[in-house]
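For reference, the structure is listed below as structure tokens.
The values are calculated or read from the model by the stated rules, or taken from the named source; none is laboratory data. Bear in mind that the values here come from a model prediction, so they are computed numbers and not experimental data. Glycine gets a Cβ as well: all are built from the backbone with ideal geometry, and neighbour counts include every protein chain shown. Protein only, heavy atoms only, side chains kept; ligands, DNA and RNA dropped before computing areas. Shrake-Rupley method; radii C 1.70, N 1.55, O 1.52, S 1.80 Å.
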Amino acid sequence: MSALQRPAALVTRVRSSSGTSSSPSRPAIAAKHPYQVDLKAGKRYAWCACGHSKKQPFCDGSHKTAAPDLSPLRFQLEEAKSAWLCGCKHTKSPPYCDGTHKEEFIQKAEVPGQP
């Protein structure tokens, strides 16, 4: 199993979208790299899906004004583990990094607060 894959049994998704039927905003690119984090078993996490949080990779509520149609992905692990969470917000396997940040459209994008 590669570092980017995870056993499905380890993650329980609590809520992943706002449930709106209109097409959602595109998330802002928060970083051109993933965030390595140590996740605890049983703790509820809210991964920032909009890219506007100041507490990356986790949600700080910024989506409520910056991107109200994007909600954080809430999840809880059954087992503790270290993981790489997506910073570019364009992963196809949220909240985990799938390497999308290496693509040209991410690397050439302007990210506030980064060179």
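Scanning region 41-67 for residues that are farther than 24 Å from Gly99 by Cβ and either without any contact (Cβ under 8 Å) to a residue 24 or more places away in the chain or of a type in the set (Lys, Arg) (or both) yields Lys43, Arg44, Lys54, Asp60, Gly61, Ser62, His63, Lys64, Thr65. Taken as a whole, the condition of being assigned to a loop (DSSP other than H, G, I, E, B), open to solvent by less than 20 Å² (accessible area, probe 1.4 Å) and not aromatic (Phe, Trp, Tyr) applies to Ser53. Considering (1) modelled with pLDDT of 95 or more; (2) part of a loop (DSSP other than H, G, I, E, B); (3) surrounded by 13 or more Cβ atoms within 10 Å (Cβ to Cβ); (4) out of contact with any helix residue (DSSP H, G or I) (no Cβ under 8 Å at 6 or more places or on another chain), the lone condition that Val111 does not fulfil carries the number (1). Taking the criterion of being part of a loop (DSSP other than H, G, I, E, B), modelled with pLDDT of 95 or more and open to solvent by 50 Å² or more (accessible area, probe 1.4 Å), would at least one residue in region 83-96 satisfy it? Yes, because at least one residue in region 83-96 is part of a loop (DSSP other than H, G, I, E, B), modelled with pLDDT of 95 or more and open to solvent by 50 Å² or more (accessible area, probe 1.4 Å).
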